[in-house]
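Notes follow the structure.
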Amino acid sequence: MTRSSRIEGFYKLGMSERLRIVKEFGDLTDDEAMALAGFGGLDPSVPDKMIENAVGSFPLPLGIAVNFLVNDRDFLIPMAIEEPSVVAAASNAARMARERGGFWTSSTAPVMIGQVQLTGIKDPSRAKHMILERKHEILELANKQDPMLIKLGGGARDLEVRVIHTQKGPNVVVHLLVDVRDAMGANAVNTMAEAVAPLVESMAGGKVRLRILSNLATHRLARARAVWAKDAVGGEEVVDGVIEAYMFAEADPFRCATHNKGIMNGVDAVILATGNDTRAIEAGAPAYAARSGAYKPLTTFEKTPEGDLVGTIELPMAVGLVGGATKVHPVAKACIKLLGVKTAQELGEIVAAVGLAQNFAALRALATEGIQKGHMTLHARNIVASVGCPPELVDEVCRIIVAERKIRMDRAQEVVEELKRKKK
């Protein structure tokens with residue numbers, strides 16, 4: 001069966017009809033579809049297994065971004081997020097990208113870094129070379145810690161040694177480079193780092209301190225690229241506006257922080273929906289953005305010779321399909337199945353494409369009507385719901401406060417009371 005993520009008017013459908021479409025697209029079972037639709041949180045046994053001191057669960061809205069074409073394949077993208085307009089913006093950006101073939105992605109191998117810190121070394125350059133001379137011995141010991149990872153084709157691949165200078169003198173830092181395959185990798189890497197630490201200490205002298213994974217996963221990158229036809233985005237002036245907005249972020253860290261936050265709106269929503277570690281991604285992305293010594297955008301935007309807009313993104317992507325919540329949380333499992341990804345690398349590439357789409361949508365809005373128009377229209381529903389508006393009046397109250405540009409709780413409450421009096 002040919003499946004397309006280009007679904008006209010998806011947002012106009014009722015929730016049950018949307019769920020039916022998603023269920024068919026992802027070939028989900030009834031239980032998996034109901035997990036996506038669940039509003040009451042998790043079965044009590046699930047959070048109690050996931051974290052300590054559990055008292056319940058905290059559901060977030062789960063939306064589906066449509067229209068995504070990635071590497072010539074259609075995807076429906078699950079996004080868990082509370083902020084209005086994010087899912088709509090991603091869907092709209094993906095729709096406009098389809099005219100030029102959608103998104104194209106690539107990634108590096110799933111290699112994570114385990115750090116072993118050595119302090120109190122008087123001759124750090126000599127220690128560095130001594131460690132590198134016995135690299136194979138260290139890698140062999142590391143790989144004895146996880147036979148299953150080796151069987152799956154992963155394992156410790158290489159070693160880097162850095163000398164850094166701290167307020168208390170030089171440190172020698174060993175980087176153990178581990179291919180973690182389809183895991184996020186923290187547990188495997190930490191175990192290996194702890195196992196090789198005594199051996200490294202005996203080689204170099206000094207004192208081993210920290211032995212832990214780094215969340216700046218510079219060896220585990222995901223990339224995405226898309227071209228937006230100038231006519232699809234609103235013409236050459238809009239293309240130029242997006243590029244100028246990007247250049248503003250490239251030149252100014254105050255703007256760049258918000259530029260990159262817009263990327264993470266999309267990235268985090270998919271990471272959370274698939275049960276991955278949002279904190280790891282949020283730690284790695286800004287560190288990568290500042291790798292040159294100055295904080296820079298994670299995306300770039302340029303103009304093609306034909307006048308179209310081309311956007312690219314590159315960022316660390318430490319995600320997994322095995323271990324953690326991805327195998328325990330029923331909604332995360334259903335989201336992974338809906339995506340149909342088979343490897344962690346593929347998942348990371350999809351996340352990168354969503355981040356690029358989200359960033360393009362924000363820049364296009366800023367370059368045209370401003371960010372508030374679409375966002376506040378959707379935000380109006382949150383405002384109206386918060387004042388206890390009867391369901392049959394929600395649409396009318398939203399229409400009135402948006403038209404007045406008074407999207408505030410006090411005005412929403414006044415309109416609700418006015419409409420109630422008229423209907424009596």
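If you go through region 19-67 and keep only what is of a type in the set (Gly, Ala, Ser) and part of a helix (DSSP H, G or I), you end up with Gly26, Ala33, Ala35, Ala37, Ser45. When restricted to residues that are of a type in the set (Gly, Ala, Ser) and out of contact with any Asp or Glu (no Cβ under 7 Å at 6 or more places or on another chain), region 107-126 contains 3.
Of Val310, Val319, Val267, all but one fail to be in a loop (DSSP other than H, G, I, E, B) and aliphatic (A, V, I, L, M); the exception is Val319.
Here is a yes/no grid of residues against (1) closer than 25 Å to Ala90 by Cβ; (2) at pLDDT below 85:
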site	(1), (2)
Lys373	yes, yes
Thr377	yes, yes
Ile383	yes, yes
Val387	no, yes
Pro391	no, yes
Ile400	no, no
Ala403	no, yes
Lys406	no, yes
Val415	no, no
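From the list Ala226, Ala257, the lone residue that is buried (at least 20 other Cβ atoms within 10 Å of the Cβ) and touching a residue at least 12 places away in the same chain (Cβ under 8 Å) is Ala226. With respect to the conditions (1) more than 25 Å from the chain's Cα centre (by Cα); (2) in the same structural domain as Ala232 (by TED's automatic domain parsing); (3) surrounded by 13 or more Cβ atoms within 10 Å (Cβ to Cβ), Arg95 lacks only one, and its number is (1). Mind listing just one residue for me: the one in region 77-86 that is in contact (Cβ under 8 Å) with a residue 60 or more places away in the chain and surrounded by fewer than 24 Cβ atoms within 10 Å (Cβ to Cβ) and, of those, nearest to Ala362 (Cα to Cα)? Among them, the one singled out is Ser85. Taken over region 142-152, the criterion of being of a type outside the set (Asp, Glu) and surrounded by 16 or more Cβ atoms within 10 Å (Cβ to Cβ) is satisfied by Ala142, Asn143, Gln145, Leu149.
Taking the stated definitions as given, is Asp240 of a type in the set (Asp, Glu), assigned to a helix (DSSP H, G or I) and buried (at least 18 other Cβ atoms within 10 Å of the Cβ)? Criteria not met by Asp240.
Filtered by the rule that a residue be closer than 19 Å to Glu137 by Cβ, in contact with a helix residue (DSSP H, G or I) (Cβ under 8 Å, 6 or more places away or on another chain) and assigned to a helix (DSSP H, G or I), region 175-192 gives a lone residue, Met192. Residues in region 382-424 that are touching a Pro at 6+ places or on another chain (Cβ under 8 Å) and either surrounded by 16 or more Cβ atoms within 10 Å (Cβ to Cβ) or among the small types (Gly, Ala, Ser) (or both): Val416 only.
Just one of the numbered conditions (1) at pLDDT below 95; (2) in contact with a strand residue (DSSP E or B) (Cβ under 9 Å, 6 or more places away or on another chain) is not true of Ala365: (2). Screening Leu118, Leu42 for residues that are surrounded by 15 or more Cβ atoms within 10 Å (Cβ to Cβ), closer than 25 Å to Ala332 by Cβ and either touching a residue at least 24 places away in the same chain (Cβ under 8 Å) or not small (Gly, Ala, Ser) (or both) leaves exactly one candidate, Leu42. Residue count for region 133-154 under the criterion of being in contact with a Lys or Arg (Cβ under 9 Å, 6 or more places away or on another chain) and within 12 Å of Gly114 (Cβ to Cβ): the result is 1. Just so you know, in region 287-309 the residues that are crowded, with 19+ Cβ neighbours inside 10 Å and of a type in the set (A, V, I, L, M) include one that is nearest to the chain's Cα centre (by Cα), and it is Leu298.
Within region 166-193, residues that are within 15 Å of Gly323 (Cα to Cα) sit with their Cβ atoms under 8 Å from residues that are surrounded by fewer than 20 Cβ atoms within 10 Å (Cβ to Cβ) and among the hydroxyl-bearing types (Ser, Thr, Tyr), at 6+ positions apart or across chains, in these pairs: Asp182/Thr343.
The values are calculated or read from the model by the stated rules, or taken from the named source; none is laboratory data. It should be emphasised that the depicted structure is a prediction, and the values quoted were computed from it without experimental measurement. With ideal geometry, Cβ positions are generated from the backbone for all residues, glycine too; neighbour counts draw on all protein chains shown.
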